[in-house]
Amino acid sequence: HMPLTSNRKIDYKSLQNINDGLSQNEYIAPRNNTEKILCDIWQKTLNHENISIKDNFFELGGNSLITVSLISQINESLGVNLPLQIIFTSPTIELIAQNIIYDKVNSCLSWMYGLLNDYYKIKYLIFD
């Protein structure tokens, strides 16, 4: 049976309490700055406290409407350009942070490769 209010409507507050008790993940605090920022955004967007980096966005009450706001805030706060679909493939703070960090490392490595490539081009032009 679904919990009902006195007006015979679904009591969402009671459902939330039930969901809180069913949390399968123990709390794992953010381990780096990216996870900390994501955690702060999730807590504000979902109106939850103590969100673990392994908590699932949808199990916390997230939906497609909230996703738009969440991804917009993440992109603005972290200077990234995540697609909306990332929340469906990576529905935890930990997974989204891994994606962001991977992209930033890849970007940095590409930039460094470009510098090295330019260095060797200049070196061979000057010394050949």
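Rundown of residues vs (1) out of contact with any strand residue (DSSP E or B) (no Cβ under 8 Å at 6 or more places or on another chain); (2) surrounded by 15 or more Cβ atoms within 10 Å (Cβ to Cβ); (3) not in a helix (DSSP H, G or I), yes/no style:
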{"position": "Glu35", "(1), (2), (3)": "yes, yes, no"}
{"position": "Cys39", "(1), (2), (3)": "yes, yes, no"}
{"position": "Trp42", "(1), (2), (3)": "yes, yes, no"}
{"position": "Glu49", "(1), (2), (3)": "yes, no, yes"}
{"position": "Gly62", "(1), (2), (3)": "yes, yes, yes"}
{"position": "Ile66", "(1), (2), (3)": "yes, yes, no"}
{"position": "Ser72", "(1), (2), (3)": "yes, no, no"}
{"position": "Asn75", "(1), (2), (3)": "yes, no, no"}
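Starting from residues that are open to solvent by 70 Å² or more (accessible area, probe 1.4 Å) and outside any loop (DSSP other than H, G, I, E, B), keep the ones in region 18-33 and report whichever is modelled with the highest pLDDT.
The residue in question is Asn33.
Being over 9 Å from the mean Cα position of the chain (by Cα) and charged (D, E, K, R) is the filter here, so list the residues in region 93-108 that pass it.
Of everything in region 93-108, those that are over 9 Å from the mean Cα position of the chain (by Cα) and charged (D, E, K, R) turn out to be Asp103, Lys104.
State the number of residues belonging to region 2-17 that are modelled with pLDDT under 80 and among the β-branched types (Val, Ile, Thr).
Qualifying residue count, region 2-17: 1.
The rows are residues; the columns are (1) surrounded by 10 or more Cβ atoms within 10 Å (Cβ to Cβ); (2) modelled with pLDDT of 85 or more; (3) in a helix (DSSP H, G or I); (4) of a type in the set (A, V, I, L, M).
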site	(1), (2), (3), (4)
Glu94	yes, yes, yes, no
Gln98	yes, yes, yes, no
Tyr102	yes, yes, yes, no
Asn106	yes, no, yes, no
Leu109	yes, no, yes, yes
Tyr119	yes, no, yes, no
Lys123	yes, no, yes, no
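The values are calculated or read from the model by the stated rules, or taken from the named source; none is laboratory data. Model, not experiment: these values are computed from the prediction. Note: ideal-geometry Cβ built from the backbone for every residue, glycine included; neighbour counts use all protein chains shown. Heads up: the accessible areas ignore ligands, DNA and RNA and are worked out on the full protein's heavy atoms, side chains in. Shrake-Rupley method; radii C 1.70, N 1.55, O 1.52, S 1.80 Å.
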